[in-house]
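The values are calculated or read from the model by the stated rules, or taken from the named source; none is laboratory data. Here the structure is a predicted model, which is why all the values come from computation and not from measurement. In this analysis, Cβ positions are derived from the backbone assuming ideal geometry, glycine residues included, and neighbour counts consider all displayed protein chains.
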Amino acid sequence: MLNTLIKKVPQALSELTYKSDLAKYVDRLPAILPGDRQIVEGLQQEGTVITSLTDLDIPSTSTLLDAAGHIAPELLKIPPKKNRAYSRADSTLLMQYPGLFLWGLEERLLSIIENYLGLPVAYHGVSFRRDVADGSQAGTRQWHIDIEDRRMAKIIVYFNQVGENNGPYEYIPKSLTPPPNVFKRNYGFVPDDVVEKAVPSSNWRSCTGGAGTVVFTDTCGVFHRGRMPTESERLAMFFTYTSRKPKNPETCKSILSQDELLTISKSLSDRQKQCIFWKEFSNL
């Protein structure tokens, strides 16, 4: 009993520090447009918001699509590694077409994310993934909840048409997402039948849409998965953000090396650089 209490003390102090940081930072959150405020409120209430590149109207979207258009044919040549149902663009491709990585640092996107997190943003980069229709329900195709932080945000951009049968992002709304201990485990993957007993499948939500569909989601706040594609593969980009004091910093890793980050950041603003080199700017 004593050992259990001792272990809980650091956790309790960490939570108190987190709540104190939120309170100190609330008046420093950047102003955002009314439409962007709707995204923040949707994340707060539902845990996930669906929009599109067209509706967002981010200035560098044409550069993003140009970079993705060059990377996609190369990505299709990369076979999935053993026991994985996906492949992803490596750092060489990302550095060759930096517009993909840099889109996630658009100031307006950072302001949306910062307003949701309530704290300064750490940007962990982008993963351009090809999920194949191989009949496997391994890894993140199973229900799970992420552990990087208390809140985090991912922006998912579909590069091809994603319907019910080719791997849509699927989630359980925040109001219905049970705590992990409901499944008699702290974290990890949970089978469909176990989830079904806690949350009927009629309450599961699929994010479908054409190329250019954008999904904002808090993968630490909702149970989610990439549904197994059965008809054709999915090509999608995943941009990842946490606070600069994540709950589990060891799980926050960028595909790019430190030297690559230094190279790609040369023309960025101070704010954008701080989001990349967040470990150096973790103090409020």
Starting from residues that are within 19 Å of the chain's Cα centre (by Cα) and assigned to a helix (DSSP H, G or I), keep the ones in the stretch 85-100 and report whichever is surrounded by the most Cβ atoms within 10 Å (Cβ to Cβ). Leu100
Options Val215, Val157, Val121; residue that is in contact with a Leu (Cβ under 6 Å, 6 or more places away or on another chain), of a type in the set (Val, Ile, Thr) and closer than 29 Å to Ser257 by Cα: Val121
Tell me yes or no: at least one residue of the stretch 23-45 is closer than 30 Å to Leu235 by Cβ, buried (at least 16 other Cβ atoms within 10 Å of the Cβ) and in contact with an Asp or Glu (Cβ under 8 Å, 6 or more places away or on another chain). yes
Considering Met228, Met237, which residue is more than 26 Å from Asp21 (Cα to Cα), of a type outside the set (Val, Ile, Thr), crowded, with 18+ Cβ neighbours inside 10 Å and more than 16 Å from the chain's Cα centre (by Cα)? Met228
Among the residues of the stretch 184-225 satisfying the criterion of being farther than 15 Å from Gln137 by Cβ and aliphatic (A, V, I, L, M), which is nearest to the chain's Cα centre (by Cα)? Val215
Unmet criterion (only one of (1) in contact with a Lys or Arg (Cβ under 9 Å, 6 or more places away or on another chain); (2) surrounded by 13 or more Cβ atoms within 10 Å (Cβ to Cβ); (3) at pLDDT 95 or above; (4) not small (Gly, Ala, Ser)) for Leu65: (1)
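For the stretch 213-234, how many residues meet the condition of being farther than 24 Å from Glu148 by Cα and of a type outside the set (Gly, Ala, Ser)? Can you show your working first?
Of the residues in the stretch 213-234, the ones farther than 24 Å from Glu148 by Cα are 213, 229-234.
Keeping just the survivors that are of a type outside the set (Gly, Ala, Ser) gives 213, 229-231, 233-234.
Here the count works out to 6.
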Give me the strands (runs of 3 or more DSSP E) completely within the stretch 166-252, filtered to those with at least 3 residues that are touching a residue at least 60 places away in the same chain (Cβ under 8 Å), ordered by residue number. 213-217, 224-226, 234-243
For the stretch 178-197, state whether one or more residues are crowded, with 20+ Cβ neighbours inside 10 Å, aliphatic (A, V, I, L, M) and more than 30 Å from Trp278 (Cβ to Cβ). yes
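If a residue has to be among the aliphatic types (A, V, I, L, M), in a loop (DSSP other than H, G, I, E, B) and under 13 Å from the mean Cα position of the chain (by Cα) to count, how many in the stretch 107-165 make the cut? Quick ask: steps written out before the conclusion?
Step one: of the stretch 107-165, the residues among the aliphatic types (A, V, I, L, M) are 109-110, 112-113, 117, 119, 121-122, 126, 132-133, 138, 145, 147, 152-153, 155-157, 162.
Narrowing the set further to residues that are in a loop (DSSP other than H, G, I, E, B) leaves 119, 132-133, 138, 145, 147, 152.
Narrowing further to those that are under 13 Å from the mean Cα position of the chain (by Cα): 145, 147, 152.
The number of residues fulfilling the criteria is 3.
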Is it the case that the stretch 139-154 has a residue that's surrounded by 17 or more Cβ atoms within 10 Å (Cβ to Cβ), among the aromatic types (Phe, Trp, Tyr) and within 27 Å of Thr61 (Cβ to Cβ)? no
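Residues checked against (1) at pLDDT below 95; (2) aromatic (Phe, Trp, Tyr):
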{"site": "Gly188", "(1), (2)": "yes, no"}
{"site": "Val199", "(1), (2)": "yes, no"}
{"site": "Asn203", "(1), (2)": "no, no"}
{"site": "Phe223", "(1), (2)": "yes, yes"}
{"site": "Arg234", "(1), (2)": "no, no"}
{"site": "Met237", "(1), (2)": "no, no"}
{"site": "Ser243", "(1), (2)": "no, no"}
{"site": "Lys253", "(1), (2)": "yes, no"}
{"site": "Trp278", "(1), (2)": "no, yes"}
Step by step: first the residues of the stretch 18-44, then only those that are in contact (Cβ under 8 Å) with a residue 24 or more places away in the chain and of a type in the set (Ser, Thr, Tyr), then the one that is nearest to His224 (Cα to Cα). Which residue is that? Tyr18
